[in-house]
Amino acid sequence: MPNPRELPIYELESAIVEAVRAQGRLIVQAPTGSGKSTQIPQMLLRHGFLDGGEVVVLQPRRLATRMLAKRVAEEMETPLGDIVGYQIRLESRLSKHTKIRFVTEGILLRQMSFDATLSGVNVIVFDEFHERHLYGDISLARALQIQQSTRPDLKIIVMSATLDAGALKNYLSPCEVLVSQGRSFPVKIEYLQKTADFEREPVWDVAARECARVAAQSAGGDFLVFMPGAYEISRTVQALQGSRELRDFVVFPLHGELPPEAQDRAVARYDARKIIVSTNVAETSLTIDGVTVVIDCGLARVARFDPHRGINTLLIEKISVASADQRAGRAGRTAPGVCVRLWTEREHAQRPAQELPEVRRLDLAEVVLTLKASGIDDVAGFPWLEKPDAKGLERAEMLLEDLGAVARHEKDAHATITETGRRMLRFPVHPRYARMLLEADARGCVRPVAMMAALVQGRNFLLRGVPRAVEEAREDLLGEETESDFFLLMRAWRFADQNRYSMDACRRLGIHSMGARQVGPLFAEFLRIAEREGLDAGEKRVEGEAVSKCVLAGFSGQLAKRLDAGTLRCDLVHKRRGVLARESAMQRAPLFVAAEVSEVEGRGGEVNVLLSMATAVREPWLKELFPDAYFEATSVVYDESAKRVIAKRERRFRDLVLESRASADDVPYD
Ligand code: ADP
């Protein structure tokens with residue numbers, strides 16, 4: 001092991017100690033590999049900051065959390081889980097001696113919701129803060145609140161590989177910023193000459209080809225290939241292992257779903273040259289020494305809120321210039337290096353400079369629920385580092401109310417969390433799907449509901465606006481009779497799966513094969529989560545009706561009633577109007593929920609609300625699922641034409657007056 005004391009961060013040691021002691025707040029900015037994550041906690045220990053308490057180091061990723069703890073324990077020559085430990089969801093290695101505790105961001109937030117004084121915590125370190133994850137932002141805000149109110153002795157250190165420290169410095173003021181330049185070697189960047197078409201030649205084949213080309217020219221050093229996810233990584237590993245030019249290399253995958261031993265193997269030292277195929281965990285969270293060649297596919301899975309679907313999605317997207325630069329930098333840690341980007345220089349100029357912070361691109365429902373669980377009911381008044389827009393917060397609260405996760409009592413100014421809300425928080429999925437899974441557990445249909453969650457996460461793989469011939473082929477194969485567009489999607493996915501995602505078979509039905517391929521791994525992941533949280537995810541026969549009721553539970557805020565049988569126009573809850581999409585199979589259902597609601601601007605500038613991914617709903621279900629929200633009311637009105645007072649019975653689902661127009665349900669009151 002090279003001497004860690006020679007890492008660049010030690011140039012800042014005395015300044016770090018002094019600043020933490022004087023102000024209790026500090027920002028440290030230094031490139032990846034400088035020694036921030038592994039050395040600063042040890043410095044704190046040596047300088048007495050951890051007497052009678054511990055340092056908690058926040059990490060955005062599980063994989064890095066575990067590996068850093070292991071590394072620091074090795075450096076200190078103590079067993080893992082003793083002085084140095086880690087804690088991630090449902091897995092921990094800790095003891096009562098632990099002084100340095102690496103945790104994922106959600107863990108600390110949870111701890112804060114139980115113990116608002118954070119007793120026993122002397123220092124909190126926010127690592128990789130440049131990634132600006134929602135939970136990092138919120139934990140920092142909470143930590144500052146705690147420091148200002150009950151714990152003036154609590155120390156806060158924010159660390160980052162790249163950072164626009166200006167706004168952060170003001171937010172933490174008074175606070176010093178310490179910068180280290182680190183040490184690195186030049187990296188030569190190469191671009192593709194022609195835009196790659198990954199539908200024609202899969203990205204793993206292109207990456208393997210480039211690896212072989214560079215290997216023929218380069219003298220030594222290891223290779224690091226960036227891929228967006230576990231599936232693409234396993235295909236890349238296969239392609240690399242099949243390449244004759246690369247037979248002298250050992251190839252390792254590296255991502256969070258691998259067992260810990262396999263993760264450790266990827267970063268261990270070998271005599272042979274190696275190729276590591278990794279997700280963006282190797283971008284800044286983990287440093288792998290000895291890499292001189294980076295092959296960057298330019299893609300990553302990005303969490304983003306899709307306002308049409310009202311959920312957070314995890315789609316494969318192009319990375320920003322800042323991310324690409326970080327990735328390239330991995331090739332120049334120990335010697336001059338090369339980075340091959342699998343896109344053209346012209347495309348590069350069109351990429352965004354930086355990723356938007358999550359607080360600006362994710363749906364806030366989950367975070368609002370977490371805050372409410374910590375007793376912060378006035379979420380607009382929360383001291384955000386970057387305030388989300390008021391509409392986003394309002395929409396989040398409304399959704400949580402629809403889901404029954406929070407409730408507003410007359411005497412309270414703000415809604416508070418309910419028992420259902422607390423149960424939902426145990427599921428690390430969007431609150432809509434957490435609610436659906438709870439409902440599914442009660443109705444014995446966890447598997448199909450987990451499948452539905454997987455079907456809608458990725459890109460829509462059942463293409464729309466397809467030619468008539470494709471539509472007919474679809475009707476023949478998938479059938480038309482259905483109670484939900486989800487069921488149709490399920491059949492389409494099964495078809496693609498049975499045909500092994502063959503491009504020809506998929507094209508005939510207008511199925512995007514890459515999109516369909518992503519469903520299987522997601523389904524497995526959702527099942528794992530459900531089982532971990534104690535739901536019964538066993539295989540069993542279930543009625544379509546049970547599944548439809550779960551959709552209703554998750555999307556009740558998007559319940560629609562057709563104005564009359566001859567039209568696609570509908571009334572929607574929350575006093576909106578909409579039109580059912582033509583391609584929906586629910587052309588005749590009088591009452592349904594739409595899992596997708598998109599606003600399209602009409603020619604005259606008016607906003608049309610288009611409803612799709614519909615599931616038919618029967619009226620009695622409303623009463624069954626929402627006994628409190630759904631009620632019958634009798635109001636007395638004067639009927640002008642009859643010249644008499646009549647009692648009008650109204651059925652309301654919250655603010656949706658289902659009989660908003662005269663209907664058979666109007667009963668004269670004699
Ligand atoms: P930073 O947080 O600034 O990115 P780290 O503290 O993570 O830096 O890493 C500092 C150095 O420690 C790395 O350059 C690497 O040499 C070594 N190192 C860190 N983690 C490991 C590990 N799991 N295995 C081997 N070496 C590691």
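The values are calculated or read from the model by the stated rules, or taken from the named source; none is laboratory data. What you are looking at is a predicted structure, and each value in this text was computed from that prediction instead of being measured. Please note: Cβ atoms are built from the backbone with ideal geometry, for glycine as well, and neighbour counts cover all protein chains shown.
With the requirement that a residue be more than 25 Å from residue 254 (Cα to Cα), outside any strand (DSSP E or B) and of a type outside the set (Asp, Glu), what does the stretch 42-64 give you?
The answer is 42, 43, 44, 45, 46, 47, 48, 49, 50, 52, 53.
List every residue pair whose Cβ atoms sit under 9 Å apart, with the two residues 6 or more apart in sequence or on different chains, where the first one lies in the stretch 169-186 and is touching a residue at least 60 places away in the same chain (Cβ under 8 Å) and under 16 Å from residue 143 (Cα atoms) and the second, anywhere, is within 13 Å of the ligand (Cβ to nearest atom) and in a loop (DSSP other than H, G, I, E, B).
No pair meets every condition.
Considering each residue of the stretch 391-437, count those that are of a type in the set (S, T, N, Q) and under 22 Å from residue 549 (Cβ atoms), and give that number. If you could, list the steps in order and put the result at the bottom.
Going residue by residue through the stretch 391-437, those that are of a type in the set (S, T, N, Q) are 416, 418, 420.
Of the ones still in play, those that are also under 22 Å from residue 549 (Cβ atoms) are 418, 420.
Summing the residues that are of a type in the set (S, T, N, Q) and under 22 Å from residue 549 (Cβ atoms) in the stretch 391-437 gives 2.
Being in a loop (DSSP other than H, G, I, E, B), buried (at least 22 other Cβ atoms within 10 Å of the Cβ) and not aromatic (Phe, Trp, Tyr) is the requirement here; does residue 284 meet it? Give the steps one after another, and end with the answer.
Numbers: in a loop (DSSP other than H, G, I, E, B): yes; buried (at least 22 other Cβ atoms within 10 Å of the Cβ): yes; not aromatic (Phe, Trp, Tyr): yes.
Yes: the conditions hold for residue 284.
Name the residues in the stretch 539-591 that are part of a loop (DSSP other than H, G, I, E, B), among the small types (Gly, Ala, Ser) and touching a residue at least 24 places away in the same chain (Cβ under 8 Å), would you? Show your work before the answer.
So the first thing to find is which residues in the stretch 539-591 are part of a loop (DSSP other than H, G, I, E, B), and the list is 539-543, 563-568, 573-575, 581-590.
Filter once more, so that each one left must be among the small types (Gly, Ala, Ser): 565-566, 581, 584-585, 589.
Passing the criteria: 565, 581, 584, 585, 589.
Return the total of residues in the stretch 362-383 being surrounded by fewer than 16 Cβ atoms within 10 Å (Cβ to Cβ) and in contact (Cβ under 8 Å) with a residue 40 or more places away in the chain.
Of the stretch 362-383, the ones surrounded by fewer than 16 Cβ atoms within 10 Å (Cβ to Cβ) are 375, 378, 380-381, 383.
Within this subset, residues satisfying the condition of being in contact (Cβ under 8 Å) with a residue 40 or more places away in the chain are 375, 383.
Result for the stretch 362-383: 2.
Please identify the pairs in which a residue from the stretch 1-25 that is among the charged types (D, E, K, R) has its Cβ atom under 7 Å from the Cβ atom of a residue that is within 13 Å of the ligand (Cβ to nearest atom), counting only partners at least 6 apart or on another chain.
Close Cβ pairs satisfying both conditions: 11/180; 13/43.
Output the number of residues of the stretch 1-41 satisfying the condition of being touching a helix residue (DSSP H, G or I) at 6+ places or on another chain (Cβ under 8 Å) and assigned to a loop (DSSP other than H, G, I, E, B). Even if it seems obvious, please write down each step before you answer.
As a first pass, look at the stretch 1-41 and keep what is touching a helix residue (DSSP H, G or I) at 6+ places or on another chain (Cβ under 8 Å): 1, 4, 7, 9-10, 13, 16-17, 20, 24-32, 34-41.
So of that shortlist, the ones also assigned to a loop (DSSP other than H, G, I, E, B) come out as 1, 7, 24, 30-32, 34-35.
Total satisfying the criteria: 8.
Just to be sure, is residue 182 assigned to a loop (DSSP other than H, G, I, E, B) and surrounded by 16 or more Cβ atoms within 10 Å (Cβ to Cβ)? Before the answer, list the steps.
Numbers: assigned to a loop (DSSP other than H, G, I, E, B): yes; surrounded by 16 or more Cβ atoms within 10 Å (Cβ to Cβ): yes.
Answer is yes for this residue.
Show the residue pairs that are 6+ apart or on different chains and have beta-carbon atoms under 6 Å apart, the first residue being within the stretch 223-245 and farther than 21 Å from residue 317 by Cα, the second being surrounded by fewer than 24 Cβ atoms within 10 Å (Cβ to Cβ) and acidic (Asp, Glu).
Once the first residue is farther than 21 Å from residue 317 by Cα and sits in the stretch 223-245, its partners that are surrounded by fewer than 24 Cβ atoms within 10 Å (Cβ to Cβ) and acidic (Asp, Glu) give 239/205.
Among the candidates 68, 118, 109, single out the residue that is aliphatic (A, V, I, L, M), on the phi > 0 side of the Ramachandran plot and not in a strand (DSSP E or B). Full working, then the answer.
Numbers: 68 fails: on the phi > 0 side of the Ramachandran plot; 109 fails: on the phi > 0 side of the Ramachandran plot.
Of the residues listed, the single one that is aliphatic (A, V, I, L, M), on the phi > 0 side of the Ramachandran plot and not in a strand (DSSP E or B) is 118.
Which one of 2, 79 is farther than 19 Å from residue 143 by Cα, over 32 Å from the mean Cα position of the chain (by Cα) and near the ligand (Cβ under 10 Å from one of its atoms)?
The unique qualifying residue is 2.
In the stretch 454-529, which helices (runs of 4 or more DSSP H) lie fully inside it and hold 1 or more residues that are farther than 20 Å from residue 228 by Cβ? Steps first, please.
Details: elements: 468-478, 485-498, 503-508, 513-517.
Filter on the stretch 454-529 gives 468-478, 485-498, 503-508.
Give the residue that is modelled with the highest pLDDT, with candidates limited to residues of the stretch 592-608 that are over 21 Å from residue 622 (Cβ atoms) and assigned to a strand (DSSP E or B).
Start the filter on the stretch 592-608 by keeping residues that are over 21 Å from residue 622 (Cβ atoms), which leaves 598-608.
Next, from what is left, pick out any that are assigned to a strand (DSSP E or B): 598-601, 607-608.
Values: 598: 79, 599: 72, 600: 67, 601: 61, 607: 67, 608: 74.
Among residues in the stretch 592-608 that are over 21 Å from residue 622 (Cβ atoms) and assigned to a strand (DSSP E or B), the one modelled with the highest pLDDT is 598.
Could you check the stretch 22-47 and list, in sequence order, the residues that are more than 15 Å from the ligand (Cβ to nearest atom) and out of contact with any Asp or Glu (no Cβ under 7 Å at 6 or more places or on another chain)?
22, 24, 25, 46, 47 - these are the residues of the stretch 22-47 that are more than 15 Å from the ligand (Cβ to nearest atom) and out of contact with any Asp or Glu (no Cβ under 7 Å at 6 or more places or on another chain).
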